[in-house]
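Structure, as structure tokens:
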Amino acid sequence: MGLVKKEGLHWLYSFLFISLLTISVLVLEGVLKVDWVHDQAYILIGLFSVLLIASALIAESGLKNGKNFGLLYLITVVSRFFICFIYVFIVVWIGDPNILLFVFNFFALYFLFLLFEIYNLIANLRPNFE
């Protein structure tokens, strides 16, 4: 029996993941003074956090209903992709002076949030298959 099976515990994991990621960026930027953290890293973390919470809510409602879970999850994935694409397009269109660093930070954070969502999804679906 895994810990994720308990009702609502995945929300705690999401909060801990977002907090750990934000603290990591703060440490990298503030304490270690690295120059490969973009100025918009916190905006990206906020954007991905909102998208993660929204997709988790939609997926949770699909699991409770038992109907159309695959369709609901596909809609969240496609919506997240288009929202992120629009955000990157706006930043490029405005003309960020350090666009390569922005793209690197964007894809690094996108990949981390995607891995966390896949882990969370598998952990929440596992009890339904046992």
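Restricting the calculation to Cα atoms, every distinct pair contributes to the Kirkwood radius of the chain, found to be 16.1 Å.
Over what distance in Å are the Cα centres of the stretch 28-54 and the stretch 80-117 separated? The stretch 28-54 and the stretch 80-117 have Cα centres separated by 11 Å.
In this structure, Ile122 and Lys33 have a Cβ-Cβ separation that, at R0 = 41 Å, corresponds to a calculated FRET efficiency of about 0.65. Using Cβ point charges alone (K and R +1, D and E -1), the dipole size of the chain about the Cα centre works out to roughly 460 debye.
Trypsin sites (Lys or Arg not before Pro), restricted to the stretch 28-97: which are DSSP loop and have at most 11 other Cβ atoms within 10 Å?
Here the trypsin sites (Lys or Arg not before Pro) that fit, given the DSSP loop and packing criteria, are Lys33, Lys67.
Which residue, chosen from Ile53, Leu72, Phe106, occupies the Cα position most advanced towards the positive end of the dipole of the stretch 24-130, where the dipole is computed from +1 (Lys, Arg) and -1 (Asp, Glu) charges on Cβ about the Cα centre? It is Leu72, whose Cα lies furthest towards the positive end.
Coordinate-derived values only; no laboratory data. Values in this document were obtained by computation on a predicted structure and should not be read as measured data. Note that each Cβ is placed from the backbone with ideal geometry, even for glycine, and that neighbours are counted across all protein chains shown.
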